[in-house]
Structures are given as structure tokens and as C-alpha cells.
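The values are calculated or read from the model by the stated rules, or taken from the named source; none is laboratory data. Keep in mind that what you see is a predicted model, and the values were worked out from it rather than measured. Cβ placement follows ideal geometry from the backbone for every residue including glycine, while neighbour counts extend to all protein chains displayed. Accessible surface areas use protein heavy atoms only, side chains included; no ligands, DNA or RNA. Shrake-Rupley method; radii C 1.70, N 1.55, O 1.52, S 1.80 Å.
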Amino acid sequence: NAEYMGEMTLHRLCCAAAVRRFSSHAATSAAVHIPVLPTETASYLIGHVPPTLEGKRYYVDGTLGAGGHTELILQADNNAYVLGIDRDFQALERTKSRLAKYGDRVVYQHGSYSAIKSYLKRCDFPPQVHGIVLDLGLSSDQLAEPSRGFSFRSGGPLDMRFDQTDSHSTAASILNESPQDELETMLRTYAEEKHFRRIADLIVKKRTETPFSTVDQLQSLLEAAFRRETADQRRSIVTRCFQALRIATNNELSHLESFLRILPDCLLPGGRICIISFHSLEDRPVKHRFKELQFATPPLLRVLTKRPITASESEMAENSRSKSAKLRVAQRLQLGEPVKPPRYPLGHRKSTKEGSDDD
């Protein structure tokens, strides 16, 4: 009806204005990680469910990082209250300071989004919220810090833990202590690397001479082993191996799968989940779980993105991290509510790849 359309038009204008304000601020602060697909995520996520009787809407940013998506939510929805969760304690502390101006509209929790149910209870949030956003993978801030060991371009120790307050295995300890067959499985599964046996064998032989402790040691081993390949091919191999090691160090896919299992319990009817992924290992389980819940009996979700939304040419030019980003969105259904065809916000972009398992 006309009243609803007027409300949604105002909502889109608020989202667009919030994105412009954040982009303007980020342009003057090189230290702020820029969120990908901000306009698309805000348009899908914010304001689609009426506020509570107390006039509040509750959101969860399960990968808070530098707080980019959280700040967009707070700026676009004056009724918004956000629970920000992150495994990276350092990032959480920086973001607390940066978002201090929003006062009690943001609460913080150090940990994994897979424990969202317990965090909602601990932070006095309702058990079901209006919206959830996950921006998976690494932030630019993490990649830029050599001491974290995430990037082979910046040297540093082979740590790779999201949570450095946790005493669990570092990337170096995985390389130095894992049996060869486990290293092969890690490289085959998480890197989808065809040379997985050869690389695992090289790692085992090298660690008997000198245990791995730095990024440069692993990079040098891989580049020497594949010196006959082109520079681009060597870079791809190194990138895939670092990705596999980071995923294994942080059990990333286990956390994602645990969250997807409990997802329907955490959204109000009409509430929405936005998940941004950066490679097929993340995107594939999201796609399959959304479909599974849409075709459940009774259906629990309506998938709103028939194909994943990707970044515009202008965003990719401004933010290289957005080139591989894919956004999938789903909406929680009322009990007995029929599944309807997806409706896309004005100006959205969907992936043009056809026939791929990543669509």
C-alpha cells in the first residue's frame, strides 16, 4: 500500500545517506576497514520488521571488525541496537573506542558468532532479532598487521589466530606438528590445491631441518618449489596455501556450519540474515543451508537473492577486497507463511555466472 511504499522509500534514502556519511568518514581515515557491499547490505537488512513495543530494533553484527556494518545500521535506523561479536580482541577494543559515541546502542562480545544464542542471553537481547549480518574472512586491518601473520606480503610470525588471547594452535604449530596426511587433507580441502601431496611432503621434510616460525619461511619454500611456474601461478599457490592454513588455524568452516544450524532460532519472523562470503568454501554451505530451510516442511526461510549479489565496478575500483565478495540474503518466515519469489531492491547486482555451484 501507499503507506508501506512511502516508509520503504524513506528507509532506502536513510540507508543511502548512512553509506555516504560512512564512506566520507572512512576516506579521511586510512585505518578504518571499509565494509564491502554497504548499500546492498543496508538496504536488505535494515527496517523491514516493526520495532518492539519499546521502540527498538535489535541487530547482530557477528563479525564486528572495525564496526563498518554496525555503524551503517546505527546511522540508518534510529531505533537500532546492535550486538557486535568478534573473535579478534584487539579489533573489538579498537572498535569500542571508535563507536563510543553511540553509547548503549552497541554492546560488545568477545567470541564467535557461532555462540550467538548464549551471547544474546548474556547481553539481555531478545532471543530473536530483527537482523543479522556476517562479513566472513579477513579484514584489511588484519592483513596490514605483520605481527598477525595473515599476509605473505608483510612477513611476521606464523600466527594467524583471530583470537590471540586463546592458547589454541597457531599456524606454525599446525605446520610443525600435524601428521603428513592431515596436512594433505587441509590443503586438498581448504585450498582445493592440486599439488597438495607434494606441498605436504615438502613441509614435513623442511620442518625436520628447521621448524616453521615465520611467514617468510613458508613463502620461500613454496616459491622455490614452484619456481618454474609463472609469477601469477606461484602467487595463486601461495595464496591458496595461506588460506587453507588460516581456515584450519581458526576452524572457520566449523563455526560457520554451527551458526547455520541454529540460524532460524535467532531471527524474528520477517527478520533477515545477510552473509558476505569471499570464496566458495564459505559461500557453498550458506547457499545450501538457505535452500534447505526454504524447502523445509514447513518452510523457515525465504531466499531473497536468487543469485549472490556482487560489487559494482565503482566499488571494486575503490575497494579491491570487494572483487570476490558475494552477498546472500534470506528472510525468516512466519509459521505457515508461503514462500514467494524473491524481490530485489532497486539497483541491486547479481552474479552473472551461470551453472556454477557457487551461484
Completion exercise
Of the candidate values (i) 19.1; (ii) 23.7; (iii) 20.4, the one computed for mean projected area of the Cα convex hull in nm² from this structure is (i)
Fill in the blank from the handout: For LYS291, the aspartates and glutamates lying under 17 Å Cα to Cα, once residues fewer than eight places off in the same chain are dropped, come out as GLU257, ASP265, GLU282, ASP283, GLU337, ASP357, ASP358, ASP359
Handout entry: Gain on full stretching of the segment that runs from ASP166 to LEU143 - 0.36 nm per residue minus C-alpha separation
Key = 6.4 nm
Handout entry: Per-q log10 I(q)/I(0), the range 158-295, q = 0.12, 0.21 Å⁻¹ (Debye; single scatterer per alpha-carbon; no solvent)
Key = -0.57, -1.26
Handout entry: Net length gained if the chain between THR297 and SER258 were fully extended (0.36 nm per residue, minus Cα distance)
Key = 11.9 nm
Practice task
Can you grab the distance from the C-alpha centre of the range 119-183 to the C-alpha centre of the range 50-84, Å, no decimals?
Solution key: 24
Handout entry: Candidates ALA42, ALA144, ALA231: whichever shows maximal mean-square fluctuation once the chain is modelled as a Gaussian network with Cα springs under 10 Å
Key = ALA231
Practice task
Just flag the trypsin sites (Lys or Arg not before Pro) in the range 207-242 sitting in loop per DSSP whose Cβ has no more than 13 other Cβ atoms within 10 Å.
Solution key: ARG227, ARG228
Completion exercise
For the chain, longest principal axis from Cα atoms; helix 89-98 axis from its Cα atoms; angle between them, nearest 10 degrees, is 40
Handout entry: 3J(HN,Hα) from dihedral phi, the range 293-302, Karplus parametrisation 6.51/-1.76/1.60, rounded to Hz, x for glycine, proline
Key = 6, 6, 9, 5, 10, x, x, 10, 10, 10
Problem - HN-Hα J in Hz across the range 137-142 - Karplus 6.51, -1.76, 1.60, θ = phi - 60°, x for Gly and Pro - result: x, 8, 9, 4, 5, 5
Practice task
Taking the dipole about the Cα centre of the chain, with the C-beta of Lys and Arg at +1 and of Asp and Glu at -1, give me whichever of THR70, LEU327, HIS255 is farthest to the positive side.
Solution key: LEU327
Fill in the blank from the handout: The helix 231-250 Cα axis meets the longest alpha-carbon principal axis of the chain at an angle in degrees, between 0 and 90 and rounded to 10, of 70
Practice task
Mind listing the long-range amide H neighbours of LEU64? Cut-off is under 5 Å, sequence gap 5 or more, other chains count too, H placed in the peptide plane at 1.01 Å from N.
Solution key: ILE85, ASP86
Fill in the blank from the handout: Scalar couplings 3J(HN,Hα) for the range 325-337 by Karplus 6.51 cos²θ - 1.76 cosθ + 1.60 (θ = phi - 60°), nearest whole Hz, x for Gly and Pro, are 6, 10, 10, 10, 9, 9, 10, 6, 8, 5, 4, x, 6
Completion exercise
To the nearest 0.05, the calculated FRET efficiency linking ASN251 and ASP104 through their beta-carbon distance, R0 being 35 Å, is 0.60
Handout entry: Amide H within-cut-off set for THR214, under 5 Å, with H built and near neighbours excluded
Key = LEU158
Exercise for the section: State the antiparallel share, in %, of DSSP beta bridges confined to the chain, rounding to the nearest 5. Expected result: 40
Exercise for the section: Over the chain, average the accessible area per residue using a 1.4 Å probe and give it in Å², no decimals. Expected result: 47
Practice task
May I ask you to order 270-277, 216-223, 186-193, 163-170 by the average number of other C-beta atoms within 10 Å around their residues, highest value first?
Solution key: 270-277, 186-193, 216-223, 163-170
Completion exercise
Taking the range 236-309, the whole-percent share of alpha-carbon pairs separated by over 20 angstrom is 38
